[in-house]
Amino acid sequence: MTSNNSLAPNEDTEPIEPIAAAIAVPSSSPARWLRAVIRTTRPRQWPKNLLVFAAPLAAASLGRDDGLGYALLAMLVFACASAAVYFVNDVVDVERDRRHPVKRNRPIASGALPERHAVVLAALATAFAVGGGVLIREPLLVAAAVGYLCESFLYSFRLKHVPFVEMVLVAAGFLLRVLGGAAATHVRPSIWFLLVCSLGALGVAIAKRYTELTSLGEEAVRHRPVMRWYRPGILRVGQLLVGAAMLATYLMWAANENTAERPWHLLSAVPLAAALIRFGVLTARRTVRPVEDLIMRDAKMLCFEGVWLVLFCVGLYVA
């Protein structure tokens, strides 16, 4: 779910001509319009919706009959919900985005997607997101989708300016996807599972703010006004503490699951620890790359994540 207020450096002295050129409306061919719509939904963020499979994976069960189909529906629900949030967010931030050297190229800011079209698409995406749970008569999925939409819209309009609360809301977006998948498949998540997911999501949210602050420096406040309340040292310590708490929680869960014949869950903590260390190393570097790229596109991270997944699944499925 995420979104940023954006102000370019030296806003008062920025030439008018580049801005005018940036917002010039391109030809309105259907193909160009469709590309603008897809770009606004942030395809790079779509993998987040795979979190709906987390509860069935952890439980080694798809729950109800045709559980895979219900999980896929939950994924579609959150894809629509997040798309609605992006449409609304980019309309709200359109003037700020037009002053930003990079975000002025977003479809709504550049004029490739008219604001009124984005509003209509947001309404349709919201209807599909809520309607998915209604279609299968699953009130908990509806609640998860509505909760995600409400907290995301509150974030976009007001709460992204409240320090620390805004990071909790970013983390909540991850957790609600997990809960939506559990609701759709009728898989009841354990308290350990929810704690690990919550701490992992909060760690990612803190890392996002830390990398923004260290890479942009004083300009981070123009990019995201709430950053004036954060300090790199505090964020870094918070990230490390949350990561350590996540690993400790995972170890406690694995110890309860571990037997002499089935040590796989305990062993899986090793690549998880390696992934957390690697994540800490990557975020310590000054980089403007999104945190999601550090998780999904770094070769070493992918290797550690793959080994963890194999050991985790072996622990679930091998007697």
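The values are calculated or read from the model by the stated rules, or taken from the named source; none is laboratory data. Keep in mind the model is a prediction, meaning the values are calculated, not measured. Note that we place each Cβ from the backbone using ideal geometry, even for glycine, and neighbour counts take in every protein chain shown. When the accessible area is computed, the model is the full protein with side chains, heavy atoms only, and any ligands, DNA or RNA have been set aside. Shrake-Rupley method; radii C 1.70, N 1.55, O 1.52, S 1.80 Å.
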Report yes if Thr214 is buried (at least 20 other Cβ atoms within 10 Å of the Cβ) and of a type outside the set (Lys, Arg), otherwise no. no
Breaking point among (1) surrounded by fewer than 17 Cβ atoms within 10 Å (Cβ to Cβ); (2) modelled with pLDDT of 95 or more; (3) of a type outside the set (Asp, Glu), for Leu272: (1)
In the range 275-291, which residue that is in a helix (DSSP H, G or I) and surrounded by fewer than 16 Cβ atoms within 10 Å (Cβ to Cβ) is nearest to the chain's Cα centre (by Cα)? Gly280
Using beta carbons and a limit of 9 Å, which pairs, at least six apart or on different chains, have the first residue in the range 198-217 and over 11 Å from Arg285 (Cα atoms) and the second one among the acidic types (Asp, Glu)? Val204/Glu292; Ala205/Glu166; Lys208/Glu292; Arg209/Glu166
Filtered residues of the range 217-245 (kept if among the aromatic types (Phe, Trp, Tyr) and either open to solvent by less than 40 Å² (accessible area, probe 1.4 Å) or in contact with a His (Cβ under 6 Å, 6 or more places away or on another chain) (or both)): Tyr230
Boolean, Ala183 is buried (at least 21 other Cβ atoms within 10 Å of the Cβ), under 24 Å from Val146 (Cβ atoms) and of a type in the set (Gly, Ala, Ser): yes
Selected residue [β-branched (Val, Ile, Thr) and either at positive phi or at pLDDT below 90 (or both)] from Val204, Val196, Val221: Val221
For the range 294-309, how many residues are surrounded by 13 or more Cβ atoms within 10 Å (Cβ to Cβ) and either among the aliphatic types (A, V, I, L, M) or within 20 Å of the chain's Cα centre (by Cα) (or both)? 9
Which condition breaks for Tyr70 when tested against (1) open to solvent by less than 30 Å² (accessible area, probe 1.4 Å); (2) in contact with a helix residue (DSSP H, G or I) (Cβ under 6 Å, 6 or more places away or on another chain); (3) hydroxyl-bearing (Ser, Thr, Tyr)? (1)
